[in-house]
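For reference, the structure discussed in these notes is given below.
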Amino acid sequence: MALDFSALDDAVIARLEAQAADFRAVRTLDEVEDLVGTAIPTPSAHTLVERAVYQPPPGAARYQEGAVTLAVYVRARNARGYGAARKEAGGAYALVQATVAALRGYAPAPPAPCGPLELVDIAALSVAQGKAIYAVRFRAATSEEY
């Protein structure tokens, strides 16, 4: 059974909505412009299944081990500048921490079966015009039968 990217995305969105109340909007990433635009309320989180990599199947096995990487882009805004957008209450640093707390170790249930999410990295994507956007990436082991 193949990993259902849509179900994984939905499971992470539901988990963030339940566990990280600081976000005014949690949704799948439609377009990169969503991260810098003003139409979406801040603070917000946007999810994206970025990639899946697989190992060659062992011998004549009918399964393949792999790993899936999921990114959560957190977005904060503060009219007093990007320092405030990062550091003040409801800022990007607090959103990153809330995201990690909600998702580290979380194992989505079927139909999005994968192992627990492990934190991979946290990176600043944009800090400008009173907005701070960070990517928080997680990886999970997966096994697919074919």
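What follows draws every value from the coordinates through simple rules; no lab data is involved. Note that this is a predicted model, so its numbers are computed, not measured. Neighbour counts are summed over all protein chains in view; Cβ atoms, including those assigned to glycine, are modelled from backbone coordinates with ideal geometry.
A few notes on this one:
- Among 47, 38, 99, residue whose mean-square fluctuation peaks in a GNM of the chain (springs only between Cα atoms under 10 Å): 38
- Note on residue 33 and residue 18: their simple-model spin labels are 3.5 nm apart, each label 7 Å out from Cα toward Cβ.
- Charge-dipole axis of region 5-145 as Lys and Arg at +1 and Asp and Glu at -1 on Cβ define it, positive-most pick from 127, 100, 28: 127
- Low-density loop positions, trypsin sites (Lys or Arg not before Pro), region 14-46 - DSSP coil, at most 13 other Cβ in 10 Å: 24
- Sparsely packed trypsin sites (Lys or Arg not before Pro) within region 85-146, loop by DSSP, other Cβ within 10 Å at most 16: 104
- 19 Å cut-off, amide nitrogen to a point 7 angstrom out along residue 64 Cα→Cβ, residues in region 126-146: 140-146
- Convex hull of alpha carbon positions in the chain: directionally averaged projected area 8.5 nm².
- Taking the C-alpha atoms only, the angle from helix 92-103 to the longest principal axis of the chain is near 30 degrees.
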